[in-house]
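First up is the structure itself, then whatever we jot down about it.
The values are calculated or read from the model by the stated rules, or taken from the named source; none is laboratory data. Remember, it's a predicted structure, so these values are computed and weren't measured experimentally. Every residue, glycine as well, gets a Cβ built from its backbone with ideal geometry; the counts of neighbours run over all protein chains shown. Accessible surface areas use protein heavy atoms only, side chains included; no ligands, DNA or RNA. Shrake-Rupley method; radii C 1.70, N 1.55, O 1.52, S 1.80 Å.
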Amino acid sequence: MYKLCQTSWRRTQSCSAGFNLLCDVLKHTVRVTPAVRLASDNGHTFDAMLAKRRAEARRSILVQVSSERSSTELSAYCAQFGTIVSSHHYRVGGTPSGSGEDETDCHYILVEFNAPEEAETAMQSAVFNEERPGVRARSIFLWFRAGPKPQLAAKKTHSKSEVNRAKLSTVDGSRSIKDMELKDLLLSAESIRDQIKVLYEATCLNDLGKRLRFLAVRQMESSLQGIFPQAVAYPFGSSVNGYGKMGCDLDLVLDLDSEAGSQQNRDSRLVYHTKASNINERSQIQRQLEAIGDVLQLFLPGVNSVRRILKARVPIIKYHHEHLDLEIDLTMNNMTGVHMSELLYLFAQIDPRVQPLTCCVRKWAQSVGLTNQAPGYWITNFSLTMLVMYFLQQLSDPILPAINKLTQSATKADLRITANHVSCSFLRDVSRLDFKTKNTAKLDELLLQFFDFYASFDFSQRAISLNLGSSILKPDHSPMYIVNPLETTLNVSKNINLEETELFRIQVRNALWLLDTHDRSTRTSGDDWGLVSLFGNKTTKDRITPQMFFTKRLVDVKDIFEDAAADTGVDNRNRTVKQQVASIQKATREQISKLAKQSDSGLANNGGSTSSGNGIKLKRKAKRR
């Protein structure tokens, strides 16, 4: 990141204040060369990346310390168990108090050894806390208690390289950049192109964030493999597909029998006894998740706030990991999501512009209120990612190939069929893909083209198909239709209603106008430009929304008859209109009061009955037809 921003500021080095600000931000984030993060997941295949991260988790332990200053003492102590490859520090916010943020935060250091056996030796040397009652469960989550330095069995002289490697590689590595810091970084860039790169580097999920997520995967697997030796937890979603940001949730799919389809020894006469499963597969999954939720809540260190959402279309368990500061969603037998994450990961490997562009579009959608963390009728990050992928497919010189090309290039080793009989077979190694783009457009040009493309896209008639790399006639009347690349009978954006679809079209047009009129070359001193103007905080009144076009009436009829002091909820900016509405309300109330008095007097004169103009008497409670 430092090299990137330094390149962006070659023509603005005279602005020492901005440069010092960037250095301060980087100093609190990383102390080693940021190229480590850029090259951390450079494997050609999704499986290779997962294997690399799983191996890192097996070589690592997580230790809670009093502060980052304990890193030297911790490294010296852990050096007796093996060679320390790297160590990473981060903080988890505690209970706010007036004494300051640092005193209420919990500090952790992730220690990576050279071999899994060394990490296992360190875990075996740990003892249980006798001061706190509870179930004694061994795990990779430890605590470095204060006290006299232990007498080591054998003094070992460390070389200079080992001492250097024992230093912290990352300081406060899980901290997300604040909005004001991000704004200053973006304003200090030279162009919108550099702003997109800086945005991606400052907000994308870093190396430590990925390490922590795979520690959660390891804990889930190790807690169940005693009774289910073939149990495997598969991470999917933003944490592994290459488009995650700092603080994103971790999605897990649990498979209790990952070797169910493998060949077994036919000559063996010994067969395991197993529990008969429920005929209803959905009920069986619900009961299994409920039992696993109990294990998580009662026995696993760091796990709390377990919520079981078993009646949903896809049964799920949500829980929070306090040591990792991570929200985790656990489901079972849903391997389609894992293969979808692999497909998106491969797209990112094909062209380096895919991830920064997707990150920028997601950030823009969040800033203008298109996306929301809670489920609803609005567009999701997954649907946005599909829109970006399709846009890159349909260019005159495509940057990404159609998915059908990946399917046609698949070999026998790439064959994947899920338990629901969904074919997820496509080329897994992009190095063997016969596709090279001739498109040399820069990131800022692609961003403008993205907004221009969807500003005129006909969502009312056309559906988006990433398999074909082109649009097709909509199969139904959904306001927005994006064909699921793996389950082609499903609509990825089925939840999005007409109002949110129109809001998306309005916002892409607004973004197109903002980027065209708020360029760095046209700005004056102190004005926002580029992505800052695109992400600027706007109030609700400043936004153009579909409600302005779909509103049925300005004033409800019932509001006319309410008391004058009541708030009608309508902001009448025109004073004349406001006075007219008030006079109508006053006259109406006077007329109603007058009629009520006449009715009461008539009832008193007629002994509880009313008389019409023709002398016909009616009972007060008589029904009128």
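If the condition is being of a type in the set (A, V, I, L, M, F, W, C) and over 25 Å from M335 (Cα atoms), then region 463-488 contributes A463, I472, L473, M480.
Taking first residues from region 359-370 that are touching a residue at least 12 places away in the same chain (Cβ under 8 Å) and partners that are of a type in the set (D, E), the Cβ contacts under 9 Å between residues at least 6 apart in sequence or on separate chains come to L370/E500. Return the residues of region 474-490 that are without any contact (Cβ under 8 Å) to a residue 24 or more places away in the chain and either open to solvent by less than 30 Å² (accessible area, probe 1.4 Å) or within 12 Å of I379 (Cβ to Cβ) (or both); say none if nothing qualifies. Selection gives S478, P479, Y481, V483, N484.
Residues of region 179-225 that are surrounded by 23 or more Cβ atoms within 10 Å (Cβ to Cβ) and aromatic (F, W, Y): F214 alone.
Pairs are defined by a Cβ separation below 6 Å, a sequence spacing of at least 6 or placement on different chains, a first member in region 285-301 that is closer than 17 Å to L324 by Cβ, and a second member that is assigned to a helix (DSSP H, G or I) and open to solvent by 20 Å² or more (accessible area, probe 1.4 Å); the pairs so defined are L300/S223.
Of the strands (runs of 3 or more DSSP E) lying entirely inside region 67-177, those containing at least 1 residues that are of a type in the set (D, E, K, R), open to solvent by less than 30 Å² (accessible area, probe 1.4 Å) and at pLDDT 75 or above span 106-113. Among the criteria (1) farther than 25 Å from A48 by Cβ; (2) open to solvent by 70 Å² or more (accessible area, probe 1.4 Å), the one L415 does not fulfil is (1). Residues in region 491-520 that are surrounded by fewer than 18 Cβ atoms within 10 Å (Cβ to Cβ) and of a type in the set (F, W, Y): W513 only. How about region 253-267: which of its residues are open to solvent by 100 Å² or more (accessible area, probe 1.4 Å) and under 30 Å from I140 (Cβ atoms)? Correct list: E259 only. Are any residues in region 425-452 within 16 Å of T411 (Cβ to Cβ), of a type outside the set (F, W, Y) and open to solvent by less than 70 Å² (accessible area, probe 1.4 Å), and if so, which ones? Scanning region 425-452 gives S425, L427, R428, D429, V430, L433. The set of residues in region 226-252 being assigned to a helix (DSSP H, G or I) and surrounded by fewer than 18 Cβ atoms within 10 Å (Cβ to Cβ) is empty. In region 268-363, counting only strands (runs of 3 or more DSSP E) that sit wholly within it, the ones holding 2 or more residues that are open to solvent by 30 Å² or more (accessible area, probe 1.4 Å) span 303-309, 316-321.
Inside region 42-82, residues that are within 30 Å of N241 (Cβ to Cβ) and hydroxyl-bearing (S, T, Y) make up a count of 2. Being over 19 Å from G209 (Cβ atoms), surrounded by 20 or more Cβ atoms within 10 Å (Cβ to Cβ), in contact (Cβ under 8 Å) with a residue 12 or more places away in the chain and out of contact with any helix residue (DSSP H, G or I) (no Cβ under 6 Å at 6 or more places or on another chain) is a property that S383 has.
The C-beta contact set for region 54-66 (first residue within 18 Å of H89 (Cβ to Cβ), second residue charged (D, E, K, R) and part of a helix (DSSP H, G or I), distance under 8 angstrom, 6+ apart or interchain) comprises E56/R211; A57/R211; A57/R218; R59/E118; S60/R211. The residue list L392, L406 contains one member that is open to solvent by less than 10 Å² (accessible area, probe 1.4 Å), under 22 Å from I482 (Cβ atoms) and free of Cβ contacts under 8 Å to residues at least 60 places away in the same chain, which is L392. For region 438-483, what are the residues that are among the hydroxyl-bearing types (S, T, Y), under 24 Å from the mean Cα position of the chain (by Cα) and assigned to a strand (DSSP E or B)? Correct list: S465 only.
Among the residues of region 340-377, which ones are under 21 Å from K178 (Cβ atoms) and not polar (S, T, N, Q)? Residues satisfying the conditions are P356, C359, C360, R362, K363, W364, A365, V368, G369.
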